[in-house]
Amino acid sequence: MRTQLLAMLCTASLLPALAVAGDAVLPGKPAPDFALKDTAGENQRLADWRGEVVLLSFWAEWCGRCSDQLDQLEQIRKEYAGRGVRVVAVNIDGPATAARAAAARSGLTVLHDADQAVARQYALSNLPLTVLVDPHGTVRHVHEKYRGGDAALYDEELAALLQE
């Protein structure tokens, strides 16, 4: 418990430093490309998912709302399976333990950003950060934090993107 609290405080204190003025991911702009390893150790690149709608969520183990959101993202993944939607959870914890656990209990694509380099690209300042990317690689929606009704909003936005 003490170690988890210390990790939470250290990571939380880094979050404001990750955001750089003017670097925020904005709707209508290209999503910053990246390559990260999944929990099987395979490199995954955002650009490889062109042609699909990508729901990208940055999270950490200590973030309680992130856990709630991951459960909802798994439901969204199931609902949109085979329909051109990729749900990707990017864990920013130092150790990969939480990322491996999330991958084991869900069907989500879970990536690990241990040094938070990709989090810096996405100007992460609040968790979870959820970014919807269209099939052309353009950011369409950005959501900070998570509230209970957000899953319905994601569903609405995904449905609209698939109809374009």
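Only the coordinates and a few stated rules stand behind these numbers; no lab work does. Please read these numbers as outputs of a predicted model, since none were measured by experiment. With ideal geometry, Cβ positions are generated from the backbone for all residues, glycine too; neighbour counts draw on all protein chains shown.
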Taking L162, is it within 14 Å of the chain's Cα centre (by Cα) and in contact (Cβ under 8 Å) with a residue 60 or more places away in the chain? no
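Here is a yes/no grid of residues against (1) closer than 19 Å to E157 by Cβ; (2) touching a Phe, Trp or Tyr at 6+ places or on another chain (Cβ under 6 Å):
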{"site": "D33", "(1), (2)": "no, no"}
{"site": "D48", "(1), (2)": "no, no"}
{"site": "E52", "(1), (2)": "yes, no"}
{"site": "G64", "(1), (2)": "no, no"}
{"site": "R86", "(1), (2)": "yes, yes"}
{"site": "A103", "(1), (2)": "no, no"}
{"site": "A114", "(1), (2)": "no, no"}
In a helix (DSSP H, G or I) and within 24 Å of G28 (Cβ to Cβ): is that true of E74 in this structure? no
Collect the residues in the stretch 63-103 that are surrounded by fewer than 19 Cβ atoms within 10 Å (Cβ to Cβ) and without any contact (Cβ under 8 Å) to a residue 60 or more places away in the chain, keeping them in residue-number order. G64, S67, D71, E74, K78, A81, G82, P95, A96, T97, A101
Verdict on A81 being farther than 18 Å from E42 by Cβ and aliphatic (A, V, I, L, M): yes
Find the residue count for the stretch 112-148, including only residues that are surrounded by 15 or more Cβ atoms within 10 Å (Cβ to Cβ) and within 21 Å of L161 (Cβ to Cβ). 16
Mind counting the residues in the stretch 121-164 that are part of a helix (DSSP H, G or I) and either touching a Ser or Thr at 6+ places or on another chain (Cβ under 8 Å) or over 19 Å from V53 (Cα atoms) (or both)? 3
Going by what's in this entry, would A99 be described as in a helix (DSSP H, G or I), over 27 Å from A40 (Cα atoms) and small (G, A, S)? no
